[in-house]
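Worksheet: the structure to be examined is printed underneath.
The values are calculated or read from the model by the stated rules, or taken from the named source; none is laboratory data. Everything numeric in this text was worked out from a predicted model, so none of it was measured. Using ideal geometry, Cβ is built from the backbone for each residue, glycine included, and neighbour counts are taken over all protein chains shown.
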Amino acid sequence: MTPDLTLPGAALVSTCIIAGGILIAAQIFAVEVPFAPYVMVALAALVVLGAAMLVLSCRGRDVIPS
């Protein structure tokens, strides 16, 4: 029996999208954010990881992810 990763995957994706939006908004208002490009790449990688968790958790239950 595989664990259900739907909730952690959704939480990871949504948290990373919100954090990325905050980071972009800070850069728009000329706030100096150290290592901003590296943080954005890390957030993008975490979004991909969360999406993979969602797809793999839905695949075992024969549910089509929307």
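Tabulated values for the structure
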item	result
Of residues in segment 42-66 being more than 20 Å from Cys16 (Cα to Cα) and not in a helix (DSSP H, G or I), the one modelled with the lowest pLDDT	Val63
Any hit, segment 16-29, residues being surrounded by 12 or more Cβ atoms within 10 Å (Cβ to Cβ) and not in a helix (DSSP H, G or I)	no
Criterion violated by Val39 - all others in (1) modelled with pLDDT of 90 or more; (2) part of a loop (DSSP other than H, G, I, E, B) satisfied	(2)
